[in-house]
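Below is one structure, written out as structure tokens; the observations come after it.
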Amino acid sequence: MNDYLDPINAVGMPEQIDSAIALDLLITVKEAVRNYSVALTEAASPEVRTTIRNQMEAAIDFQGEITEMMVRKKWFHPYDVSEQQVLDLQAAQTAVDIAGLKLFPDNNNRKGLFPTPPQ
């Protein structure tokens, strides 16, 4: 990937972004389940425990839905480690390629662009 402005380099990018967002959502929901379980052990009243338990069960259901969607779209292979490794290596290579792009000009002098000059 030499030219990030070349439209050919955008092929497949929306799907990669969608899979990254889905993975981030999956990680966030898993973290929420962990936080609910800790909160459940510290809740004092039965009403609060019931509310937390209901929210935790909803989060567990949501985590299942996200996982099923990711498996269906072939973004996540929880039962095939070698296939998941291929996806992870592709994602890592894409990140390295993007990090290597020259996204900013060599001249980053901003003097004169501010309403008041720096002191």
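If you plug each phi of segment 82-88 into the Karplus form 6.51 cos²θ - 1.76 cosθ + 1.60 with θ = phi - 60°, what whole-Hz ³J(HN,Hα) values come out, in order, with x for Gly and Pro?
Ordered by residue, 3J(HN,Hα) equals 5, 5, 5, 5, 4, 4, 5 Hz.
At a Förster radius of 22 Å, what calculated FRET efficiency corresponds to the Cβ-Cβ distance of Ala20 and Arg53, to the nearest 0.05?
Numbers: r = 31 Å, r/R0 = 1.42.
Between Ala20 and Arg53 the formula returns 0.10.
Run down the aspartates and glutamates and flag those whose C-alpha is under 16 Å from the C-alpha of Lys73, throwing out any fewer than 8 positions away in its chain.
Glu15, Asp18, Asp24, Glu65, Glu83, Asp88
Taking a ≥ b ≥ c as the square roots of the eigenvalues of the Cα gyration tensor of segment 7-100, is the shape rounded (a/c under 1.5), prolate (a/b larger than b/c) or oblate?
Values: a/c = 2.99, a/b = 2.64, b/c = 1.13.
Cα axes put segment 7-100 in the prolate bin.
Kindly report the accessible area of segment 7-100 per residue (heavy atoms of protein chains, probe 1.4 Å, no ligands, DNA or RNA), in Å². Spell out each step's value before the answer.
Numbers: 6770 Å² over 94 residues.
Here the residues of segment 7-100 average 72 Å² of exposed surface.
In debye, nearest 20, what is the charge dipole magnitude of segment 7-100 about its Cα centre with +1 on Lys and Arg Cβ and -1 on Asp and Glu Cβ, if you could check? Don't skip to the end; give the middle numbers.
Working: 7 positive and 14 negative charges, 28 e Å.
Dipole of segment 7-100, to the nearest 20 debye: 140 debye.
Please find the FRET efficiency linking Phe62 to Val11, where r is the Cβ-Cβ separation and R0 is fixed at 25 Å, and quote it to the nearest 0.05.
Values: r = 31 Å, r/R0 = 1.25.
That gives a FRET efficiency of 0.20.
May I ask you to give the percent of accessible area on segment 7-100 that is carbon plus sulfur, with a probe radius of 1.4 Å? Provide the component values of the computation, followed by the final result.
Working: 4050 of 6770 Å².
The value for segment 7-100 is 60 percent carbon and sulfur by accessible area.
The values are calculated or read from the model by the stated rules, or taken from the named source; none is laboratory data. Since we're looking at a predicted model, the values are computed, not measured. Glycine gets a Cβ as well: all are built from the backbone with ideal geometry, and neighbour counts include every protein chain shown. Each accessible area value is taken on the protein alone, full model and side chains, heavy atoms only, with ligands, DNA and RNA left out. Shrake-Rupley method; radii C 1.70, N 1.55, O 1.52, S 1.80 Å.
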